[in-house]
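Asks: What follows is a single structure, and I will ask about it in a moment.
The values are calculated or read from the model by the stated rules, or taken from the named source; none is laboratory data. What you see is a predicted model, and the numbers here were worked out from it, not measured in a lab. We place every Cβ from the backbone using ideal geometry, glycine too, and count neighbours over all the protein chains shown.
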Amino acid sequence: MRRLRKQRDELLRLYKQLSSELGETNRGVVALYAELDQRSAELRAASEAKTRFMTSVGHELRAPVTAILGLVRLLRDPGSDPLTPDQAEQLALLEGSAADLLGLVNELLDLAKAESGRLEPRWGTVDLPGLFGALRGTMRSISRSGAARPDATRTEVEIVVEEPDGLPPLRSDEAMLTQVLRNLMTNAIKFTREGEVRLAARPVGADRVAFTVSDTGIGIPPTEQERIFEEFYQVPGAAQADVTGTGLGLPYARRLVSLLGGELTLASAVGEGSTFTVVLPLAPPEPR
């Protein structure tokens, strides 16, 4: 009997000890959840503040930049006094800088709209031949003008846009898809000193299509291949030092691809170039 009482007392002691430890653990879990909720609320507030700031700055900058571009067009009007060669050159520089700034403003506003959830796809049948044809003309013009990369060492990059033959019908947002491919191709031109930038498309299985933008540029180190999709991030290093940009084009492209129900991935090797792949469903994704 004495041994049984001793065993019972020991079991009671262990039970009380375990109950106490379990209570402490539960209190710790509750405190952790409360802290996580607080951190989550702080992150949401910070994100909303950033979005409001980007929207405010974008709208404040857009008006004067648009006015500058309007003034440039007015000065170039055939009915105005003729410009001297020096004036024409300065006007071209002013127009280029204002256009770059307007592009940055538009990227800020687009990204803010995407982050706030106010950007929704407009589904419809995509005219792929027309889309590819328009991109062919636009990108060749950018490559010839050097607008994407205005450094003196750059040569014209060949733009190859393969015909999207043999693809099944694609229902998506044509404007968003155009923006994604334009961002990817412009980015590729920036980081390609010579060679080519190529756009192609192919079916993937029975229900998806893949768009690839490949280049013969400087390539991206493995450690940087996810970071380049972070807002405002620029890959450090001498090879990128002469390339200007906002660090918004790729993050915005990935957001748009996500809205379209697809995925944007990257394969790259330093010194060998990069390939960005956009895989989209042939039909709109089911509402979540």
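Asks: Can you tell me which residues in region 22-36 are at pLDDT below 75 and either more than 48 Å from the chain's Cα centre (by Cα) or of a type in the set (S, T, Y) (or both)?
Replies: Within region 22-36, just Y33 meets the criteria.
Asks: Right, something else. Cβ-Cβ under 8 Å, sequence separation 6+ or interchain: first residue in region 81-96 and without any contact (Cβ under 8 Å) to a residue 40 or more places away in the chain, partner of a type in the set (D, E) and in a loop (DSSP other than H, G, I, E, B). Which pairs?
Replies: none
Asks: Additional query: Scanning for something of a type in the set (A, V, I, L, M), crowded, with 16+ Cβ neighbours inside 10 Å and over 16 Å from the mean Cα position of the chain (by Cα), does region 100-107 turn up at least one residue?
Replies: Yes.
Asks: Could you tell me how many of the residues in region 169-208 are of a type in the set (S, T, Y), more than 16 Å from G103 (Cα to Cα) and out of contact with any Asp or Glu (no Cβ under 6 Å at 6 or more places or on another chain)? Spell out how you get there, then give the answer.
Replies: Start the filter on region 169-208 by keeping residues that are of a type in the set (S, T, Y), which leaves 172, 178, 186, 192.
Within this subset, residues satisfying the condition of being more than 16 Å from G103 (Cα to Cα) are 172, 192.
After this cut, where a residue has to be out of contact with any Asp or Glu (no Cβ under 6 Å at 6 or more places or on another chain) as well, the list is 172.
Final tally of qualifying residues: 1.
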